[in-house]
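Some notes on the structure that comes next.
The values are calculated or read from the model by the stated rules, or taken from the named source; none is laboratory data. None of these values were measured; they are calculated from a predicted model. Cβ placement follows ideal geometry from the backbone for every residue including glycine, while neighbour counts extend to all protein chains displayed.
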Amino acid sequence: MCFQYSNDDNAVLRSFKYVSLHDRAINSEISFTSSVHLSNYFESQSHIYYTKASKMLSMIRKYVGEIAFDRAIKGYLRKNAYGNGDTLDIIGHLIREFDGDKNLLHTMLHEWIYQPGKAILFVSRKKDEVIIKQMRFTSTFFDEQLR
């Protein structure tokens, strides 16, 4: 995968400093007792969610390809028109439309969405070969498993 860095990514990097490295991207276990509490919560956190979500969608689109991504989104929207969808719905549509290794895509999506930490990429060059290693970084440790 190759992702292009642009100047607008600086806003993303600035917003990430407010996100705990141990938080998952999606926390479905939040419960609210009133609509005011719900509104206040999302108002205070929305800059993180929207920024992180837009970058994740961009990365996923580049990985699965524009045509497959568009078909998956259209299928998801058709299925959930006038109703509710969830994370597993969109993951299922992306996997169905993807032409590559579906197990790898499922693993990547699960890790990008649910796992804590940030990815650290190490890129090196050996003659005509580029070697990319990924490690998970949290504030307390490096995950030694390379992906």
#### Entry: Only listed residue being under 21 Å from A53 (Cα atoms), at pLDDT 95 or above and exposed (fewer than 15 other Cβ atoms within 10 Å of the Cβ), chosen from D86, D70
D70
### Message
Residues to consider are A68, A72, A81; find the one that is over 19 Å from the mean Cα position of the chain (by Cα), on the phi < 0 side of the Ramachandran plot and of a type in the set (G, A, S).
### Response
A81
### Cross-chain or 6+ apart pairs with Cβ under 9 Å, the stretch 93-111 first and surrounded by fewer than 17 Cβ atoms within 10 Å (Cβ to Cβ) and charged (D, E, K, R), then at pLDDT below 90 and not in a loop (DSSP other than H, G, I, E, B)
E111/A119; E111/R136
